[in-house]
Amino acid sequence: MAIMTSSPTYLPVLERVAEEIGHTPGRGRSADYIPALAARDARAFGMAVAELDGTVYGVGDWREPFSAQSITKVFTLALDLAREGDELWEHVGREPSGNPFNSLVQLEYENGIPRNPFINAGALVVTDRLQTRTGDAAGELLGFLRAESGNPELDFDEEVAASETVNGDRNAALAHFMASYGNIDNPVPVLLEQYFRQCSITASCADLALATRFLARHGLRADGTRLLASRQAKQVNAVMLTCGTYDAAGDFAYRVGLPGKSGVGGGIIAVVPGRCALCVWSPGLDERGNSVAGVAALDRFTTLTDLSVF
């Protein structure tokens, strides 16, 4: 039987989810290719829900900052889409890749056009285009997240950015390959610096749930101004649903039934259009780079509340 959410708080649901997740064995492994991420406790857990008016509820480590990583790709996509509109889709596709997030395989036979904005190749293209339009893509992103979350303390983690730079050969290869097809405008070293800084932003579940509200509000920002047209917000949510959890997007849609975007820092954001935005964090990952406890928690949330796009 579903728990009704007509009351002004999702807290009882979150508390029940957290209790159930706490008894779950096998929580995955923290990302080990970035030392700062590998050090996080794989069993840490936090979850937050932000309502449309900015009311936010949470359980566990919901105010603990963590590395947002690929979650930031959603916001960069929205910021660029707001500036250039449908022209963006001439440079990056909207289809699931079916391959790991850092794969080089498809780029060669698809002429340097990445499958979607959430695999690494696609995110590099989006960051490149935002860099061309703003001169500081990572700074533009950080300013947006600070404004939408109401937290001026959000910042880059220079240790994480440096670690990703040292281990960034695959991303450099992706960028150079796309540049050879004319699908990158900026010098590759500039693009990589912007991309690694973007991914290094540290935020909490509360911060990211609040920052994601504009997608639940059909493109309206926290101050009531419009970032995206309703049609564009629908587009971003649709790509999140089909491509947001790497090569496990089908399973995520099957289990959770919401647009979502994960990151190898252990976070996942999700959107209930017209109702709320969520963020869950637990660093233990499965083999595809998604938080084991995070997916399970969102699965239980939508089951208990009947809040799903299906």
Of the residues Leu130, Leu174, Leu124, only one is part of a helix (DSSP H, G or I), surrounded by 15 or more Cβ atoms within 10 Å (Cβ to Cβ), free of Cβ contacts under 8 Å to residues at least 60 places away in the same chain and out of contact with any strand residue (DSSP E or B) (no Cβ under 9 Å at 6 or more places or on another chain); which? Leu130
Pairs returned, first residue in region 157-169 that is under 15 Å from Ala138 (Cβ atoms) and hydrophobic (A, V, I, L, M, F, W, C), second residue that is at pLDDT 90 or above and buried (at least 19 other Cβ atoms within 10 Å of the Cβ), beta-carbon separation under 6 angstrom, 6 or more apart or interchain, are Val160/Ser67; Val160/Ser200; Ala161/Phe196; Ala161/Arg197; Ala161/Ser200
Picking from Ala293, Ala297, Ala249, Ala277, the residue that is crowded, with 24+ Cβ neighbours inside 10 Å, in contact (Cβ under 8 Å) with a residue 40 or more places away in the chain, assigned to a strand (DSSP E or B) and of a type in the set (Gly, Ala, Ser) would be Ala277
Residue hits (region 252-274; β-branched (Val, Ile, Thr) and either farther than 18 Å from Thr212 by Cβ or in a loop (DSSP other than H, G, I, E, B) (or both)) are Val256, Val264
Selection within region 158-193 - out of contact with any helix residue (DSSP H, G or I) (no Cβ under 7 Å at 6 or more places or on another chain) and acidic (Asp, Glu): Glu158, Asp169, Glu193
Hits in region 205-261 (condition: closer than 21 Å to Glu148 by Cα and of a type in the set (Asp, Glu)): Asp207, Asp223
Scope region 38-74; condition surrounded by fewer than 23 Cβ atoms within 10 Å (Cβ to Cβ) and within 16 Å of Phe156 (Cβ to Cβ); matching residues: Pro65
Please list, ordered by first then second residue, the pairs with beta carbon atoms under 9 Å, 6 or more apart or interchain, first in region 6-29 and among the β-branched types (Val, Ile, Thr), second assigned to a loop (DSSP other than H, G, I, E, B) and at pLDDT 75 or above. Thr9/Thr55; Ile21/Arg27; Ile21/Phe45; Ile21/Ser282
Going by the structure shown, is Gly85 surrounded by fewer than 23 Cβ atoms within 10 Å (Cβ to Cβ), touching a residue at least 24 places away in the same chain (Cβ under 8 Å) and assigned to a helix (DSSP H, G or I)? yes
Ala216 aliphatic (A, V, I, L, M) and at pLDDT below 95: no
Quick test for you: out of Ser262, Ser230, Ser282, pick the one residue that is among the polar types (S, T, N, Q), more than 28 Å from Thr202 (Cβ to Cβ) and out of contact with any Leu (no Cβ under 6 Å at 6 or more places or on another chain). Ser230
Considering only region 225-233, I want to know if a residue exists there that is surrounded by fewer than 18 Cβ atoms within 10 Å (Cβ to Cβ), over 14 Å from the mean Cα position of the chain (by Cα) and at positive phi. no
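The values are calculated or read from the model by the stated rules, or taken from the named source; none is laboratory data. What you are looking at is a predicted structure, and each value in this text was computed from that prediction instead of being measured. When we count neighbours, we look across all protein chains shown, and the Cβ atoms used for this are built from the backbone with ideal geometry, even at glycine.
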